[in-house]
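The values are calculated or read from the model by the stated rules, or taken from the named source; none is laboratory data. Worth saying up front: this structure is predicted, and the values here are computed from it rather than measured. Reconstructed Cβ throughout: ideal geometry from the backbone, glycine too, with neighbour counts over all protein chains shown. In case anyone asks, the SASA skips ligands and DNA or RNA and just uses the protein heavy atoms, side chains included. Shrake-Rupley method; radii C 1.70, N 1.55, O 1.52, S 1.80 Å.
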Amino acid sequence: QVQLVESGGGLVQPGGSLRLSCVVSGSIRSINTMGWYRQAPGKQRELVARITSGSSTNYADSVKGRFTISRDNAKNTVALQMNSLKPEDTAVYYCNADILRPLRVSAREYWGQGTQVTVSS
């Protein structure tokens, strides 16, 4: 069994900051790419940022320069530091990881349950 558990969401004023964290637990052989996605009401889920096992990153254009993704391979965690938040960043944020489990020949995607981020005055 593999679980991804997010934390750190909440209500923040425009211009404020939040830090999201995600911990991966369970029977894991290796974790490849980890990432954060978000889904706003009435919209499709979209990529926010992702990071490879070698720490290469890429970001959605809308968050470049404001958000920073990082990971701790020893602790199986990924974090998203969000600065200069805007109302349009309001969404449910989901942690995602590409995980290879013991005795499996290929990795598969796993998702967290999501954490709400609301940016409003």
Next on the checklist: So the check is Cβ under 6 Å with 6+ separation or different chains; which pairs have a first residue in the stretch 109-121 that's more than 21 Å from ILE28 (Cβ to Cβ) and of a type in the set (S, T, N, Q) and a second one that's open to solvent by 90 Å² or more (accessible area, probe 1.4 Å) and not in a strand (DSSP E or B)?
Outcome noted: SER121/GLN13
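Of ASN83, ASN58, ASN96, ASN32, which residue is in contact with a Leu (Cβ under 9 Å, 6 or more places away or on another chain) and free of Cβ contacts under 8 Å to residues at least 12 places away in the same chain?
Working: ASN83 fails: free of Cβ contacts under 8 Å to residues at least 12 places away in the same chain; ASN96 fails: free of Cβ contacts under 8 Å to residues at least 12 places away in the same chain; ASN32 fails: free of Cβ contacts under 8 Å to residues at least 12 places away in the same chain.
The match here is ASN58.
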Checklist entry - Where residues in the stretch 31-66 are among the small types (Gly, Ala, Ser) and within 13 Å of ASP98 (Cα to Cα), which of them is modelled with the highest pLDDT? => result GLY35
Checklist outcome for this item: Taking the stretch 6-21 and keeping residues under 10 Å from the mean Cα position of the chain (by Cα) and of a type in the set (A, V, I, L, M) leaves LEU20
Checklist entry - Residues in the stretch 99-112: is at least one within 10 Å of the chain's Cα centre (by Cα) and part of a strand (DSSP E or B)? => result yes
Next on the checklist: Within the stretch 30-38, does at least one residue satisfy the condition of being under 15 Å from the mean Cα position of the chain (by Cα) and under 14 Å from GLN81 (Cβ atoms)?
Outcome noted: yes
Checklist outcome for this item: Of (1) in contact (Cβ under 8 Å) with a residue 24 or more places away in the chain; (2) touching a Phe, Trp or Tyr at 6+ places or on another chain (Cβ under 6 Å), LEU47 fails just (1)
